[in-house]
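Below: one structure, written as structure tokens.
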Amino acid sequence: MLVEHRGYRPRIHQSAWIAPNAVVSGNVLVGPDARVLYGAVVTAEGRQPVTIGQHCVIMEQAVLRAAGRWPLEVGDYVLVGPHAYLSGCSVGSGSFIATGAMVFNGARLGASCVVALGGKVHIETHLADNAFVPIGFIAIGRPGRIHAPEPDRIFGPCLRGRSRRPPAD
């Protein structure tokens, strides 16, 4: 379904394919030979555009969106896995965003990056070319550093005093 939003109509290259139940809304450009599969949502709610390069595959139930002041840019030959979430970020050409991975506002991934199953790239994090975020890990910072999924270690001072464990007897 192609939806005009706030005066912007999606622009789909004639060789691209959009599944009949995918939603592409607003200021979106889908490049040559790209594929947006079943149930995916690609949306630009304001002026900031969403740009998907050539030969990309946006898999089932993925959500890609421009957000506030951040456009969304997906380079060429990128695979975005099922249930992935990309918001206001830039993904370099040749990258792989796996099932359930999340890349947040202002993040910039270089070429050929991999964000594995359930991996996360935090707000305004920058990853160099060929970076790898393992399953369930989180990348934070400029330059991005990879952290195991242990919130107490990553966000320490914010969470001190808020232990999830019951008090000791």
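In nm, to one decimal, how far is the modelled label at Ala19 from the one at Glu60, with both set 7 Å along Cα→Cβ?
0.6 nm
Net charge around Met102, counting only other residues with Cβ within less than 13 Å of its Cβ (Lys, Arg = +1; Asp, Glu = -1)?
Working: positive: Arg65, Lys120; negative: none.
Net local charge, Met102 excluded: +2.
Return the calculated 222 nm mean residue ellipticity for the chain, to the nearest 500 deg cm²/dmol, obtained by summing -39500 (n - 2.57) across DSSP H runs with n ≥ 4 and dividing by the residue count.
-500 deg cm²/dmol
Please report the carbon-and-sulfur percent of the accessible area for the chain; probe 1.4 Å, protein heavy atoms only, DNA, RNA and ligands left out.
55 percent
Among DSSP beta bridges whose residues both lie in the chain, state the antiparallel percentage, nearest 5.
10 percent
Starting from region 37-104, pick out the chymotrypsin sites (Phe, Trp or Tyr not before Pro) whose DSSP state is loop and whose Cβ has at most 15 other Cβ atoms within 10 Å.
Working: sites: Tyr38, Tyr77, Tyr85, Phe96, Phe104; in loops: Tyr38, Tyr77, Phe104.
Those satisfying the criteria are Tyr38.
Working out 0.36 nm times the residue gap between Asp33 and Arg47, then minus their Cα-Cα distance, what length gain in nm do you get to one decimal?
Working: separation 14, 0.36 × 14 = 5.04 nm, distance 2.50 nm.
In short, 2.5 nm is gained.
How much accessible area per residue does region 1-102 have, in Å², with a 1.4 Å probe?
Accessible surface, normalised per residue, equals 44 Å².
Quote the charge dipole size of region 29-84 about the Cα centre in Debye, to the nearest 20; the model charges only the Cβ of Lys and Arg (+1) and of Asp and Glu (-1).
Dipole about the Cα centre, nearest 20: 200 debye.
The values are calculated or read from the model by the stated rules, or taken from the named source; none is laboratory data. What you are looking at is a predicted structure, and each value in this text was computed from that prediction instead of being measured. Neighbour counts run over all protein chains shown; Cβ positions are idealised from the backbone, glycine included. Calculation scope for accessible area: heavy atoms of the full protein, side chains included, ligands and nucleic acids excluded. Shrake-Rupley method; radii C 1.70, N 1.55, O 1.52, S 1.80 Å.
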